[in-house]
1. Got a sec? Which of B:T218, B:T210, B:T183 is part of a helix (DSSP H, G or I) and within 24 Å of B:I259 (Cα to Cα)?
2. If you take the residues of region B:81-99 that are of a type in the set (D, E, K, R) and out of contact with any Ser or Thr (no Cβ under 8 Å at 6 or more places or on another chain), which of them is surrounded by the most Cβ atoms within 10 Å (Cβ to Cβ)?
3. Does region B:12-50 hold any residues that are in contact with a Pro (Cβ under 7 Å, 6 or more places away or on another chain) and either more than 23 Å from B:L93 (Cβ to Cβ) or not small (G, A, S) (or both), and which are they?
4. Give just the number: which of (1) more than 14 Å from every other protein chain (Cβ to nearest Cβ); (2) farther than 13 Å from B:G330 by Cα; (3) of a type in the set (V, I, T) does B:I243 not satisfy?
5. All but one of (1) touching a strand residue (DSSP E or B) at 6+ places or on another chain (Cβ under 9 Å); (2) among the polar types (S, T, N, Q); (3) surrounded by 14 or more Cβ atoms within 10 Å (Cβ to Cβ) hold for B:T13; which doesn't?
6. Inside region A:87-166, counting only helices (runs of 4 or more DSSP H) that do not spill past its ends, which hold 3 or more residues that are more than 14 Å from chain B (Cβ to nearest Cβ)?
7. Only one of these conditions is not met by B:I306: (1) at pLDDT below 95; (2) assigned to a helix (DSSP H, G or I). Which number is it?
Amino acid sequence: MIQDATPAIEVTGLSSAYEDQVILDNVSFKVRPAEVFFIIGGSGCGKTTLLRNMVGLIRPTHGEVRFGGRSFTDADSGSRRELLKTFGMLFQSGALWSSLTLSENIALPLEEYTRLPRDEIRNIAAFKLAQVGLSGFEEHYPAEISGGMQKRAGLARALALDPSIVFFDEPSAGLDPVTVRKLDELIVQIRDTFGTTIVIVSHDVDSIFGIADRVIMLDRETHGIIAEGRPADVVATSKNPKVLDFLTRRAIRAG
Amino acid sequence: MPASPETATARATARPAGDVLEVALGGPWRLSAETPRWSTVLGEARPARVRLSADGVSHWDTSLVVFLGEAQRWCGEAGVGCDTAPLPEKMRLLSGQFEASMRTAGHDDHSQSLVVEVGLSTRSAMRQARDFLQFVGECWIDTVRLVTGRTGLRWNDCLGEMQKCGAMALPIVSLISFLVGVTLAYSGSIVLKRFGGEIWVADLIGVAMTREMGALITGIVLAGRTGAAFAAEIGSMKANEEIDALSTLGISPVRFLVIPRVIALGLMMPLLALYAICLGILGGMAVAFATLNIPPAAYWVEMLTIVDMSDVVVGMIKAVTFGLIVGLSGCLRGLQSARNASGVGHAATSAVVTAILLIIVADAIFAVLFNAIGL
């Protein structure tokens with residue numbers, strides 16, 4: 001793989017704590033451009049916390065997050081807004097704004113950041129919905145569609161501003177295996193088409209081996225990274241029983 | 001011969017054999033039915049050993065495990081040997097687990113010393129004050145940006161909120177303010193009749209409704225109706241990560257959610273209060289006509305001798321203030337809500353409490369203030 005000079009995302013020495021409870025301690029890693037990067041680990045290991053730190057929903061107690069070489073953590077409100085524009089996020093529940101239709105949900109970021117005329121925005125929203133296979137649902141409200149469709153609509157919204165990075169928080173949670181597989185295919189397709197960098201928080205072993213280029217695994221006891229690399233390499237080289245237990249539990253069941 | 005399942009009950013019979021107490025269990029043991037307790041089976045007996053057997057048990061669940069666990073615990077405490085060998089393997093295992101869980105179960109005392117309580121409450125009060133100031137500051141910054149034209153207002157949202165908190169509140173406001181007018185007229189006339197001044201009921205109601213009750217009633221109704229709705233709506237948006245979705249797009253939740261709602265309430269509140277004043281006066285007029293034989297025209301003329309524009313201005317200043325209070329406390333409590341169902345409920349309750357408290361405090365401050373400037 002070609003080593004790009006500036007990583008898409010660079011996290012250095014990041015620590016995070018709720019009240020007095022340390023969740024993450026001195027976590028550092030890099031994400032290369034156009035890579036499907038997984039943050040994995042068991043429940044309560046801090047992977048969602050790490051994601052929330054990266055997108056600025058939580059301020060890290062120490063350390064820094066940089067996007068394309070520009071600091072996000074220390075950015076003033078102007079450049080912070082500029083950076084926010086370059087990434088999209090798909091929340092665990094989809095997090096569509098329930099008072100707006102799907103079309104309006106996707107139109108909102110466009111209205112905020114562009115000066116496009118109203119009907120053009122509407123066309124773009126319809127196009128984005130079609131990309132995730134939701135043509136014809138423009139005027140539906142989020143409560144009127146299924147959980148899997150809400151996630152896809154959330155993805156369409158995350159893609160509204162053609163971001164260079166898309167974050168996913170547990171995309172497979174609450175979905176059946178077939179839908180998960182389709183969502184994975186969609187993710188890879190987005191990466192291949194737009195060269196988007198993809199960061200996914202997940203504990204879905206099938207998805208990890210299916211689409212991940214590289215993974216980091218977080219651990220609850222050490223509050224840090226216990227494995228890093230391509231999923232197959234991690235399984236082949238890691239001596240840590242926690243890592244092997246996590247990634248090979250399927251093999252145990254099958255064997 | 002075992003009894004039929006309907007009539008059979010759990011049995012535990014204790015039979016002393018030398019210094020060994022043999023406890024034989026039998027019948028179906030179900031949590032939902034009456035089962036023997038260890039203390040009653042033991043009675044006054046103080047054996048040197050206890051031997052438990054369960055050969056006659058036809059069905060068992062946790063109730064049997066509890067019985068065996070208590071027996072084992074008693075034996076442990078009394079230093080008596082407990083022979084569980086005749087029991088089936090599964091029962092032994094589970095009753096052992098039960099007894100262990102009784103020993104390790106956390107019954108910690110969660111009460112704190114007074115000093116710790118005071119410290120924690122002080123810290124929480126300081127945090128609340130800081131959150132409130134920060135929120136008001138954010139609202140202020142976004143309002144300034146709006147006024148200077150650096151950001152736009154989502155007028156559609158604002159109009160939608162106006163309809164919900166204004167037009168749709170008309171029935172309840174009508175009913176309550178009309179009835180308050182009626183009540184005031186009845187209680188006022190009791191006093192006024194004593195010195196033959198029934199006609200002054202018009203002055204009483206005119207002043208009370210215009211300066212005080214119109215804005216106060218509307219404020220309290222809207223605190224319950226709209227303030228709670230704001231808190232619940234924003235609270236569930238927070239639970240559903242919708243607020244986070246706004247933040248990651250760089251859209252300020254204050255600008256997007258709070259400002260349109262507060263503006264809507266600030267505009268609708270004086271209109272509703274004005275309407276409430278009219279209805280209250282109408283209620284008083286009806287009572288005056290029906291029970292005191294004062295014709296509406298006379299009532300109206302009498303009222304206008306005392307109520308003038310300054311009273312209306314006082315009422316409207318109060319109404320706008322109460323509207324802002326209701327809107328801000330509803331939105332603040334919603335944004336502070338915990339991310340779960342009980343958090344949303346708590347947010348709604350606390351929004352209503354905060355709003356009504358602040359309305360009454362503000363009303364008192366206004367009373368002093370208007371008195372001082374002679375309005």
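The values are calculated or read from the model by the stated rules, or taken from the named source; none is laboratory data. Predicted model only: the values in this text are computed from it and were never measured. When we count neighbours, we look across all protein chains shown, and the Cβ atoms used for this are built from the backbone with ideal geometry, even at glycine.
1. On the way: B:T210 fails: within 24 Å of B:I259 (Cα to Cα); B:T183 fails: within 24 Å of B:I259 (Cα to Cα).
Result of the check over B:T218, B:T210, B:T183: B:T218.
2. Ranking the candidates gives B:E99 first.
3. Across region B:12-50, the qualifying residues are B:P16, B:D19, B:V20, B:L21, B:P28, B:A45, B:P47.
4. Here B:I243 clears every test but (1).
5. The single condition B:T13 does not satisfy is (3).
6. Values: elements: A:102-113, A:118-131, A:147-158.
So the answer is A:118-131, A:147-158.
7. With respect to (1) at pLDDT below 95; (2) assigned to a helix (DSSP H, G or I), B:I306 is out only on (2).
Condition check ((1) touching a residue at least 60 places away in the same chain (Cβ under 8 Å); (2) farther than 30 Å from B:P296 by Cβ) across all residues:
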| position | (1), (2) |
| --- | --- |
| B:M162 | yes, yes |
| B:G166 | yes, no |
| B:V180 | yes, no |
| B:G206 | yes, no |
| B:A245 | no, yes |
